[in-house]
């Protein structure tokens with residue numbers, strides 16, 4: 001011990017102290033970054049709640065929007081958001097899960113598989129406004145559907161396809177290889193194995209993923225402005241199932257009232273809409289988690 | 001018998017699944033072809049020089065001179081701003097989640113990040129509009145509060161979830177033995193992170209940044225609500241200007257089909273598409289270099 | 001009596017009056033460029049238990065998985081040589097691996113019941129092979145669970161999750177699941193290695209019962225187990241089938257020096 005405490009180790013002790021200080025400083029900064037992110041989110045939620053709460057009323061949530069006067073509501077917009085979400089999931093879920101299953105279970109490495117993967121990745125980075133223009137070219141101009149719920153939903157179908165495929169692949173990856181082997185060793189075909197063992201075992205993460213993506217579809221805006229339109233009722237009831245009717249969603253409404261509309265109570269409508277959108281995000285997130293937990297509980301019997 | 005039916009089902013199922021994945025190629029192909037066709041009309045039909053489109057700051061499509069330098073610079077600048085601010089912040093949170101976070105805090109933060117992803121871009125825009133812009137107007141002496149700085153800050157926050165989760169994944173993929181090896185040599189936690197973990201996760205972190213760029217450059221509405229939307233070269237951080245995406249949003253609604261304006265907006269969309277694909281190639285390159 | 005085999009300098013031909021169920025000829029298995037099984041040849045007579053032994057990494061699991069084409073599931077595995085079941089080449093071009101696996105069932109190292117009820121696990125095979133009637137499925141479930149010596153333990157909770165069973169029960173359920181398909185051959189890849197001694201002895205008793213109706217090929221890392229349950233034993237070393245013969249002969253008078261070294265514990 002005494003031998004160690006020579007003059008030379010004073011410098012070493014010094015740098016050791018420096019290293020400790022540096023360590024505390026940097027880990028402290030990392031903590032600060034993480035906590036400030038949580039703080040940021042809590043602040044956003046609180047602020048939007050503070051702005052929006054006074055606006056929310058039964059009238060606001062259920063009335064049609066107003067063109068020029070104050071006092072318009074967002075009823076049809078909420079309806080349209082759900083309607084387009086429903087249509088989008090109707091189209092995108094089968095295609096995306098099928099594509100995801102193919103890539104995960106069937107595809108062998110090769111040119112075709114890399115091409116699909118490259119296209120899926122590219123598709124997932126295309127800005128949604130660009131996707132909106134593509135949707136406009138195809139559904140509004142080429143098919144002459146004008147602005148329509150179905151045009152918007154189909155645009156969102158393509159937009160969300162890669163994310164949902166990814167979710168499917170990741171969900172399938174959670175299924176142990178031994179389940180597949182067990183089934184195949186009983187003389188099941190690949191498809192029987194997927195349908196009866198693999199998919200049921202992956203149902204919890206799959207459902208969680210789909211509901212989370214549903215939350216994003218609900219709030220999608222840029223891809224809808226030029227495909228589903230910015231009006232709720234041109235010559236039809238605001239609450240119908242018309243596939244070919246204009247269908248302004250809530251998020252589009254928030255953008256549109258701010259940037260184009262002439263109503264005097266823009267701020268009030270914006271605050272209320274922002275709150276409803278935020279609450280829906282929370283609802284989708286929480287239900288995704290609860291649903292996933294309930295399903296995996298039922299699956300494992302625990 | 002049963003076996004024959006199972007075989008028929010197998011063939012039908014595998015074909016259907018195959019077709020679904022072909023759909024992805026078809027969709028991507030259609031998008032490229034269609035947008036290229038519309039976007040290149042500006043050069044082939046309207047005979048606008050690509051140099052004018054790319055490098056002229058004078059956007060007068062009605063005079064056949066749709067110089068889009070302002071929008072390109074606007075996009076580049078706010079993206080760079082978002083990466084410089086949001087990038088390090090996001091990586092820091094990613095490091096925290098993968099290395100430092102107590103388990104319970106980490107399980108609490110996961111949904112927090114999911115919610116940040118889920119918040120619609122218009123709500124971010126609305127927050128920028130009602131919270132950030134007035135603040136900048138009052139405290140930094142900007143006239144409107146709208147401009148590069150406001151848009152940059154909004155984007156910095158919007159790219160956070162992307163950067164955080166990818167950075168976290170990248171760091172988690174580093175073998176535990178590297179970390180232990182460094183700690184066993186007497187390195188502090190920060191030294192281990194700085195000189196072992198971060199270099200080992202370099203390609204994954206590069207991917208996080210690249211996809212953060214992709215997220216930022218493609219964002220339209222949140223930026224459009226706070227950038228000021230004027231087609232002039234910005235003189236400073238507080239000047240209002242415009243970006244590629246915001247210009248499309250602002251003018252597409254009123255653009256007449258077949259006009260130079262209409263075509264130039266599609267050229268911008270095509271340019272954004274090319275950027276997105278270039279970024280994906282960059283991601284592949286970054287990952288390959290690692291392997 | 002029986003059996004087996006070939007590669008003349010390795011072992012003498014043992015004559016058998018039993019029918020040859022599986023005949024493996026010059027079988028090689030490659031993982032990429034690595035040859036995991038080197039030209040193995042072997043005959044398995046009907047209604048017997050054959051044990052495959054050898055140190056870890058010797059290729060015995062790789063070998064057994066080639067016998068019902070499980071390697072087809074992995075993209076970079078290549079199988080050469082022939083395997084015939086009742087004289088029919090299972091690797092022939094027009095043969096469907098699914099039909100083969102229907103006839104040659106497999107039980108794995110770790111119990112792998114599906115996350116379904118005990119009943120649904122037991123009748124999984126019959127269901128996918130087209131049995132619909134609830135009554136018929138119930139009969140099959142009871143018969144195969146009884147056969148696997150599990151019925152008494154689970155008959156009151158058939159609709160409970162199979163994942164709630166103990167490891168040993170899960171493995172017997174996996175055996176019941178294979179029996180329900182009524183295969184001709186049952187392959188077992190170290191079926192007791194993840195189980196405690198009591199569960200292991202139940203599985204071993206069960207295997208003794210099974211050979212009355214089935215042909216069983218079992219991989220085991222335990223020589224004692226091979227000695228207890230098998231009629232014939234094949235010894236693998238580094239991908240090579242070193243020796244094969246009556247279990248008694250392999251253990252008491254091995255012909256190959258390497259077998260002897262292994263039996264006497266020199267390979268750990």
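The values are calculated or read from the model by the stated rules, or taken from the named source; none is laboratory data. What you see is a predicted model, and the numbers here were worked out from it, not measured in a lab. FYI the Cβ positions are ideal-geometry reconstructions off the backbone, even for glycines, and counts take in every protein chain you see.
Just to be sure before I move on: is residue B:283 buried (at least 24 other Cβ atoms within 10 Å of the Cβ) and either under 19 Å from the mean Cα position of the chain (by Cα) or at pLDDT 95 or above (or both) in the structure I sent? So that I can check it myself, show each step before the final result.
Working: buried (at least 24 other Cβ atoms within 10 Å of the Cβ): no; either under 19 Å from the mean Cα position of the chain (by Cα) or at pLDDT 95 or above (or both): yes.
Judged against the criteria, residue B:283 is not a match.
Taking into account only those residues within segment A:184-199 that are in contact (Cβ under 8 Å) with a residue 12 or more places away in the chain and facing chain C (nearest Cβ under 7 Å), which is surrounded by the fewest Cβ atoms within 10 Å (Cβ to Cβ)?
By that ranking, first place goes to A:196.
Looking only at residues in segment B:11-22 that are facing another protein chain (nearest Cβ under 7 Å) and surrounded by fewer than 18 Cβ atoms within 10 Å (Cβ to Cβ), which one is nearest to residue A:125 (Cα to Cα)? Full working, then the answer.
To start, the set of residues in segment B:11-22 that are facing another protein chain (nearest Cβ under 7 Å) comprises B:13-14, B:16-18, B:20-21.
If we keep only those that are surrounded by fewer than 18 Cβ atoms within 10 Å (Cβ to Cβ) too, we end up with B:16, B:18.
Working: B:16: 26, B:18: 23 Å.
Ranking the candidates gives B:18 first.
Rundown of residues vs (1) crowded, with 16+ Cβ neighbours inside 10 Å; (2) over 22 Å from residue B:130 (Cβ atoms); (3) in contact with a helix residue (DSSP H, G or I) (Cβ under 9 Å, 6 or more places away or on another chain); (4) in contact (Cβ under 8 Å) with a residue 24 or more places away in the chain, yes/no style:
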site: A:72; (1), (2), (3), (4): yes, no, yes, yes
site: A:82; (1), (2), (3), (4): no, yes, yes, yes
site: A:93; (1), (2), (3), (4): yes, yes, yes, yes
site: A:98; (1), (2), (3), (4): yes, yes, yes, no
site: A:101; (1), (2), (3), (4): yes, yes, yes, yes
site: A:111; (1), (2), (3), (4): no, yes, no, no
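Can you name the number of the only condition in (1) at pLDDT 95 or above; (2) surrounded by fewer than 21 Cβ atoms within 10 Å (Cβ to Cβ); (3) away from every other protein chain (no Cβ under 11 Å) that residue A:89 fails?
If we test residue A:89 against (1) at pLDDT 95 or above; (2) surrounded by fewer than 21 Cβ atoms within 10 Å (Cβ to Cβ); (3) away from every other protein chain (no Cβ under 11 Å), just (2) comes out false.
With the requirement that a residue be within 9 Å of chain A (Cβ to nearest Cβ), in contact (Cβ under 8 Å) with a residue 12 or more places away in the chain and under 18 Å from residue B:174 (Cα atoms), what does segment B:92-118 give you?
Once the filter is applied, which keeps residues that are within 9 Å of chain A (Cβ to nearest Cβ), in contact (Cβ under 8 Å) with a residue 12 or more places away in the chain and under 18 Å from residue B:174 (Cα atoms), segment B:92-118 yields B:93, B:95, B:97, B:99, B:100.
Got a number for residues in segment C:63-79 being more than 12 Å from chain A (Cβ to nearest Cβ), closer than 20 Å to residue C:217 by Cα and surrounded by fewer than 23 Cβ atoms within 10 Å (Cβ to Cβ)? Talk me through it step by step, then tell me what you get.
Kept after step one, since they are more than 12 Å from chain A (Cβ to nearest Cβ), are these residues of segment C:63-79: C:63, C:66, C:77-79.
With the extra rule that they be closer than 20 Å to residue C:217 by Cα, the set shrinks to C:63, C:66, C:79.
Restricting the remaining residues to those that are surrounded by fewer than 23 Cβ atoms within 10 Å (Cβ to Cβ) gives C:79.
The qualifying residues number 1.
What number of residues within segment B:28-44 are facing another protein chain (nearest Cβ under 7 Å) and surrounded by fewer than 20 Cβ atoms within 10 Å (Cβ to Cβ)? Talk me through it step by step, then tell me what you get.
Taking segment B:28-44 first, the residues facing another protein chain (nearest Cβ under 7 Å) are B:28, B:31, B:34-35, B:38.
After this cut, where a residue has to be surrounded by fewer than 20 Cβ atoms within 10 Å (Cβ to Cβ) as well, the list is B:34.
Total satisfying the criteria: 1.
Would it be correct to say that residue A:134 is within 22 Å of the chain's Cα centre (by Cα), more than 7 Å from every other protein chain (Cβ to nearest Cβ) and either farther than 18 Å from residue A:245 by Cβ or not in a loop (DSSP other than H, G, I, E, B) (or both)? If you could, list the steps in order and put the result at the bottom.
Details: within 22 Å of the chain's Cα centre (by Cα): yes; more than 7 Å from every other protein chain (Cβ to nearest Cβ): no; either farther than 18 Å from residue A:245 by Cβ or not in a loop (DSSP other than H, G, I, E, B) (or both): yes.
So residue A:134 does not fit the description; no.
Testing residue B:212 on (1) more than 30 Å from residue B:126 (Cβ to Cβ); (2) touching a residue at least 60 places away in the same chain (Cβ under 8 Å); (3) within 27 Å of the chain's Cα centre (by Cα), one condition comes back false. Which one is that?
Only one criterion in (1) more than 30 Å from residue B:126 (Cβ to Cβ); (2) touching a residue at least 60 places away in the same chain (Cβ under 8 Å); (3) within 27 Å of the chain's Cα centre (by Cα) is unmet by residue B:212, namely (1).
Just give me the residues in segment C:142-152 being out of contact with any helix residue (DSSP H, G or I) (no Cβ under 6 Å at 6 or more places or on another chain) and surrounded by 14 or more Cβ atoms within 10 Å (Cβ to Cβ), in sequence order. Break it down stepwise before answering.
Filtering segment C:142-152 for residues out of contact with any helix residue (DSSP H, G or I) (no Cβ under 6 Å at 6 or more places or on another chain) gives C:142-143, C:146, C:152.
Hits for segment C:142-152 are C:142, C:143, C:146.
Restricting the search to segment A:250-271, which residues are closer than 17 Å to residue B:253 by Cα and more than 10 Å from chain B (Cβ to nearest Cβ)?
Those that are closer than 17 Å to residue B:253 by Cα and more than 10 Å from chain B (Cβ to nearest Cβ): A:257, A:261, A:262.
Against the definition (within 13 Å of chain B (Cβ to nearest Cβ) and farther than 27 Å from residue A:203 by Cβ), how does residue A:115 come out, yes or no?
Working: within 13 Å of chain B (Cβ to nearest Cβ): yes; farther than 27 Å from residue A:203 by Cβ: yes.
Spelling it out, residue A:115 is indeed within 13 Å of chain B (Cβ to nearest Cβ) and farther than 27 Å from residue A:203 by Cβ.
Let's see how each residue does on (1) within 22 Å of the chain's Cα centre (by Cα); (2) crowded, with 24+ Cβ neighbours inside 10 Å:
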{"site": "B:167", "(1), (2)": "yes, yes"}
{"site": "B:175", "(1), (2)": "no, no"}
{"site": "B:179", "(1), (2)": "no, no"}
{"site": "B:204", "(1), (2)": "yes, no"}
{"site": "B:220", "(1), (2)": "yes, yes"}
{"site": "B:223", "(1), (2)": "yes, yes"}
{"site": "B:239", "(1), (2)": "no, no"}
{"site": "B:243", "(1), (2)": "yes, yes"}
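Output the number of residues of segment B:133-149 satisfying the condition of being outside any loop (DSSP other than H, G, I, E, B) and surrounded by fewer than 20 Cβ atoms within 10 Å (Cβ to Cβ).
Keep residues of segment B:133-149 that are outside any loop (DSSP other than H, G, I, E, B), which gives B:133-139, B:148-149.
Filter again for surrounded by fewer than 20 Cβ atoms within 10 Å (Cβ to Cβ), leaving B:134-135, B:137-139.
Adding up the residues that qualify gives 5.
Go through the residues of segment A:165-172 one by one and say whether even a single one is assigned to a helix (DSSP H, G or I), facing another protein chain (nearest Cβ under 9 Å), under 27 Å from residue A:136 (Cα atoms) and within 22 Å of the chain's Cα centre (by Cα). Reasoning before the result, please.
Taking segment A:165-172 and keeping what is assigned to a helix (DSSP H, G or I), we get A:165-172.
Still in the running and facing another protein chain (nearest Cβ under 9 Å): A:165.
Those still in the list that are under 27 Å from residue A:136 (Cα atoms) too: A:165.
Now narrow it down to the ones that are within 22 Å of the chain's Cα centre (by Cα): A:165.
Checked segment A:165-172: at least one residue is assigned to a helix (DSSP H, G or I), facing another protein chain (nearest Cβ under 9 Å), under 27 Å from residue A:136 (Cα atoms) and within 22 Å of the chain's Cα centre (by Cα).
Scanning segment C:88-107 for residues that are out of contact with any strand residue (DSSP E or B) (no Cβ under 9 Å at 6 or more places or on another chain) and assigned to a loop (DSSP other than H, G, I, E, B), which turns out farthest from the other protein chains (Cβ to nearest Cβ)? Give the derivation first.
From segment C:88-107, those out of contact with any strand residue (DSSP E or B) (no Cβ under 9 Å at 6 or more places or on another chain) are C:88, C:93-94, C:96-99, C:101-102; that's our starting set.
Keeping just the survivors that are assigned to a loop (DSSP other than H, G, I, E, B) gives C:93-94, C:96.
Numbers: C:93: 16, C:94: 13, C:96: 7 Å.
Residue satisfying both the conditions and the ranking: C:93.
When segment A:16-46 is examined, which residues are found to be farther than 17 Å from residue B:101 by Cβ and surrounded by 15 or more Cβ atoms within 10 Å (Cβ to Cβ)?
Correct list: A:19, A:22, A:44, A:45.
Do we have any residue at all in segment B:262-272 that's in contact with a strand residue (DSSP E or B) (Cβ under 8 Å, 6 or more places away or on another chain), over 23 Å from residue B:166 (Cα atoms), away from chain A (no Cβ under 14 Å) and in contact (Cβ under 8 Å) with a residue 12 or more places away in the chain?
Among the residues of segment B:262-272, not one is in contact with a strand residue (DSSP E or B) (Cβ under 8 Å, 6 or more places away or on another chain), over 23 Å from residue B:166 (Cα atoms), away from chain A (no Cβ under 14 Å) and in contact (Cβ under 8 Å) with a residue 12 or more places away in the chain, which makes the answer no.
Any idea how many residues of segment C:203-225 are part of a helix (DSSP H, G or I) and closer than 16 Å to residue C:110 by Cα?
2
Residues checked against (1) within 14 Å of chain C (Cβ to nearest Cβ); (2) surrounded by 23 or more Cβ atoms within 10 Å (Cβ to Cβ):
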residue: A:248; (1), (2): no, yes
residue: A:273; (1), (2): no, yes
residue: A:285; (1), (2): no, no
residue: A:289; (1), (2): no, no
residue: A:294; (1), (2): no, no
residue: A:299; (1), (2): yes, no
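Based on this model, can you work out whether residue A:158 counts as over 18 Å from residue B:17 (Cβ atoms) and more than 11 Å from every other protein chain (Cβ to nearest Cβ)? Quick ask: steps written out before the conclusion?
Values: over 18 Å from residue B:17 (Cβ atoms): yes; more than 11 Å from every other protein chain (Cβ to nearest Cβ): no.
No: the conditions fail for residue A:158.
Restricting to segment B:113-132, what's the tally of residues that are more than 22 Å from residue A:254 (Cβ to Cβ) and surrounded by 24 or more Cβ atoms within 10 Å (Cβ to Cβ)? Walk me through it before giving the result.
Taking segment B:113-132 and keeping what is more than 22 Å from residue A:254 (Cβ to Cβ), we get B:113.
Going one step further and asking which of them are surrounded by 24 or more Cβ atoms within 10 Å (Cβ to Cβ), we end up with none.
So the count comes out to 0.
Determine, yes or no, whether residue C:130 is more than 18 Å from the chain's Cα centre (by Cα), touching a residue at least 40 places away in the same chain (Cβ under 8 Å) and exposed (fewer than 14 other Cβ atoms within 10 Å of the Cβ).
Working: more than 18 Å from the chain's Cα centre (by Cα): yes; touching a residue at least 40 places away in the same chain (Cβ under 8 Å): no; exposed (fewer than 14 other Cβ atoms within 10 Å of the Cβ): yes.
Here the answer is no, as residue C:130 does not meet what is asked.
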